[in-house]
Each structure stands twice: as C-alpha cells, then as structure tokens.
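Each remark here refers to the structure printed beneath this line.
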Amino acid sequence: MALAAKDTDTSNSAPEENTNLWQSILNDVQQNGNPKLNPNKQIVVLGDNESGKTTMVAKLQGIENSSKGSGLEYAYINVRDDYRDDHTRLSVWVLDGDPAHVDLLKFALNEENFQDTLVILTVSMTTPWGVLEQLQHWSSVLADHLDKLKLDIDLRQNKRHALIKKWLEYIEPGDELEPASPMKRSSRNLGDDDGEDIDSSALPDGTLTTNLGLDIVVVVTKTDYIQTLEKEHDYRDEHLDFMQQWIRKFCLQHGAALFYTSAKEDKNCDLLYKYLTHRIYGFPFHTPALVVEKDAVFIPPGWDNMKKISILYENMHSCKPDDYYRDVIVQPATRKTVSRETELVAEDEQAFLSRLQQSSGPPAPGTRLGESPIRPNPMTGMQQTPRKLDGNKVVNSPGGETVLASFFNSLLHKKTGSPNTSMVNKSGSESLNDKAMMRSDAQAELDKLARKKLAPPSTGTTPNSSGVDFDASDC
C-alpha cells in the first residue's frame, strides 16, 4: 500500500512540473519579449493659427479633407505594427493658437499622461519673420504649464535624463555595429532609463539647455512657399540659411528634432509619420539627416551641433549669424484691402444748384435759387421766359409778344377744351385758314424777336393788345 501511494505521488508531480515550466516560459516572454503597442501614447500639437496644424494632422491620418475646429481639438492616428500583427490608436490633441485657449492645455497634458506625451511645435514658412518668436512663445507656454503640474520630482528628472541619454547614444543610420533586426524593438528608443548616472557635461555646447523632459519635434510647414518668398519678396539663400541656423539652435537647446514639410507637395510628410512611430513606439527608422534640399530638411536629435550649424555661416554676406532675427527677416508692408463698399455721400442740394448755376452762366432776372435756370432756345436763340398761365391771363410775358401770347393761349384753351369762337367753326373742327394765319403770325414774330435783343422786363404794368395786364409781382 505504501508503494502504491508513492507511485501515485510521482505521477501527480509530473504534470505540476510541466505546468510550472510553461508558466515560466510565458512569464519570460512577457517580460523580455516585444511589448504590445501602448494605447496611452499621445501627441500634443502647439502653434499659432494658420500655422498648418490641422493639415499636418490630416496628413498623418492619411486623409485629404480636414475640418478645423476651435479651442482644443482631438483626433487619432491609426498605428499598425505589421511584424507583430498589432495595432492601436495614437491620440492627437491640437490646441488653438488663440492665447485665450491656453488654459485648455490642462485637459491634454496632465500628471497622468505626462510620461506618454510627445509635443509638436508648428510654425509656417508663410510668415518667416515670426518663426523664431512663435517657437519661443510656445516653448514658454509649455514650460509654464509643466511648472503648474504636480509632477513627481523623480519622474520628471528621469525623463530629463532619458533625453540626455538619447542624445549621447545617437548613432547615425548605417554606422551601427550590427544591423538591427526588424523584429527587434530597441528599448532605448522607448525612453526607458536603467537608472544609471548621466553626465550632462558630456553634451555639446548649447545642447539641452532647456530640458523640459518631453520629446519635442519642431515642424516648419508650407515650405513650398519658399518659391514665393524668392520671387515676390527677394529672399536669397542667405536669408533661408539665416532662418535655418536660428531654428536649429532652438532645437539644439530643447533637444528637438526638426522637419521641413509641405503638405501641398507631399514633402517629408511620410517621413514625419515614420519618425513619430519610431520615437513613440520604437519602430525601426533608418533615415539619416537631410540638409541638402532647402524645403525638405530633417535633423534628428543627437545629430546636430554648433560646428555643423556654422557651415551655414559661409553663405551669409549681408548679415551675421548673431544679428537680431527680425532685422534680417523683415515683415513686408502689406496693404489692408477694404472689403466693405465705399459709402457715397450725397452733395448738398443748395451747393449743387449753386454750382450748376455758376456753370450755366448768370441767372435770368426773377429766377430764384432752386428754380430751373433760363436756357437759350436752340432754334431761335431767344430766351424762354417762365410764364404763369391762369385762365386767359398770361403772366410775365414781355411786351411786344402779343402774337406769341395769343398763339400759346389758344393752344392752352384747345388742350383744356375751352371754346374759342375765333378758332373753332360751327362744326367743331378747327378752321384751316385761321390755323395757317396763326402760324404765320407766330413765325413772323419769332423772326422779329430773333433779330433784336430783348428789352429788360418792365417793373410796372404793361398792357398788351388784348387788354390783359402783366404785373411783375406775379413772378
């Protein structure tokens, strides 16, 4: 019985040993194997309005149409690891460039996600005179925000040491001692710190003097606008080199990478995506620094130094590297176009009539301001005198115009239907002889008046042949 019990104990211990063996293997793979993509990683994009932030994010997402919002925008980038058949979403926060929205940064960057955040600072080549000022502004905004957070002192110090270590351990692609396997994800690219002491004095001059403990990437957008700067604003290579050396100095101080991109010409957009996934998730990245093309520059952190930057000084003839930035890159004077329609102010009525009166010559006697001036008759050269017709009275008609007065008076009575026995026959039709005689007399009188000057109007009462009085006071 005792032997049987012993055999039973031996058979039961074998499965337990196999279970422990498999468990140890799984634990070892979990600890030393390639980890899954971290779903908590995120990017915070800062920059002025119209600096191309939204368009850049759309390019990283692989979409064409981008909708611009306000305040604090959220988007995400689908990241896939084809080697491990793994995928995740990389969160992207875009802060509005309006200073009034700076307080919203606390919702995107806080104590919980500080160690999982990468920051992108964007500036646009369409406003080159403001590039350096904008970079300094947003760096200050970021530093002030981090100071307000209740971050663990050791955590922030470790993040600073990790940046220094990355810089010191940078190796130019192609200079590795052994080729890296595509399945191997380097732990140093993930920002892990093994706790060893870091000697910051080994850094080159001017490097990481502003160490915020965050990975920073400076992106200069819309570099296709360089052609417009050269054609319309007389920019030369020395101006572009002057700008680049100041931007590279800023990146050197913050330990930041530098990208010149153009979404319009699709320059460096894919490279930016590959670099971000390399920096955040440790994906393989083998692209060296690019400094040949002036609109497609790429400088990784750890590659640059003041000696390499000084190469740009050789092309500066009309300026010096230490000149004030805005003294060399001057903002052109622009004329503001007025979109609203020009308001038309009507001329004063009396002023218009006075000007019209002066251009038409002296007014006729008895004409008041505001009344139509007397104009010459183009057929006879005589002046037309204002007349006030009231029944059978003709007012303000000069003497000697008896025939004309009778003629026009007859026309008036004809129009109003007043009977005139001297001009209408019994059958109601106008007498042809009377009509011809009236026209003949009127023409004779007009010819007579055309050959002599008109006498000035009399101030008294002038009788006419028909016995009707003309009074000047009626004018």
Checklist entry - With every protein chain in place, what's the accessible area of Y225 (1.4 Å probe, Å², nearest 10)? => result 60
Item to check | Mean separation of Cα contacts under 8 Å (6+ apart) over length of segment 64-177, as relative contact order % | outcome: 16
Item to check | Formal net charge of residues neighbouring L135 (Cβ-Cβ distance under 12 Å; K, R +1; D, E -1) | outcome: 0
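If you rank T117, T209 by how much accessible surface each has, with a 1.4 Å probe, what is the order from largest down?
Sorted descending by solvent-accessible area, the residues read T209, T117.
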Checklist outcome for this item: In this structure, among K41/K249; K41/K148; K36/K59; K41/K165; K68/K308; K165/K307, pairs with alpha-carbon gaps over 30 Å are K68/K308
Checklist outcome for this item: The set of residues whose placed amide H lies less than 5 Å from the amide H of K267, leaving out same-chain residues fewer than 5 positions away, is S262
Checklist entry - What residues have an amide H closer than 5 Å to that of S124, excluding those fewer than 5 places away on the same chain, when H is modeled at 1.01 Å from N in the peptide plane? => result T221
Checklist entry - Of all trypsin sites (Lys or Arg not before Pro) in segment 88-181, which ones are in loop regions per DSSP and have a Cβ with at most 14 other Cβ atoms within 10 Å? => result K150
Checklist outcome for this item: Here segment 85-98 yields Karplus 3J(HN,Hα) values (6.51, -1.76, 1.60; θ = phi - 60°; whole Hz; Gly and Pro given as x) of 6, 10, 8, 7, 10, 9, 6, 10, 10, 10, 8, 4, x, 5
Checklist entry - What order do S354, S359, S124 take when sorted by accessible area (1.4 Å probe), most exposed first? => result S359, S354, S124
Checklist entry - Can you pull the accessible area of H286 for me, 1.4 Å probe, Å² to the nearest 10? => result 110
Checklist entry - Between K148 and N65, what FRET efficiency follows from the Cβ-Cβ distance if R0 is 45 Å, with the result rounded to 0.05? => result 0.80
Item to check | Full-stretch length increase - A202, D103 - with 0.36 nm per residue and alpha-carbon distance subtracted | outcome: 31.9 nm
Next on the checklist: Can you list residues from other chains, or at least 5 along the same chain, whose modelled amide H is less than 5 Å from the amide H of C319?
Outcome noted: none
Next on the checklist: If I ignore ligands, DNA and RNA and count only protein heavy atoms, how much of E133 is accessible to a 1.4 Å probe, in Å² to the nearest 10?
Outcome noted: 110
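The values are calculated or read from the model by the stated rules, or taken from the named source; none is laboratory data. None of the values given here were measured: they were computed from a predicted structure. So basically every Cβ, Gly included, is an ideal-geometry build from the backbone, and we count neighbours across all protein chains shown. Please note that ligands, DNA and RNA were not included when accessible areas were found on the heavy atoms of the full protein model with its side chains. Shrake-Rupley method; radii C 1.70, N 1.55, O 1.52, S 1.80 Å.
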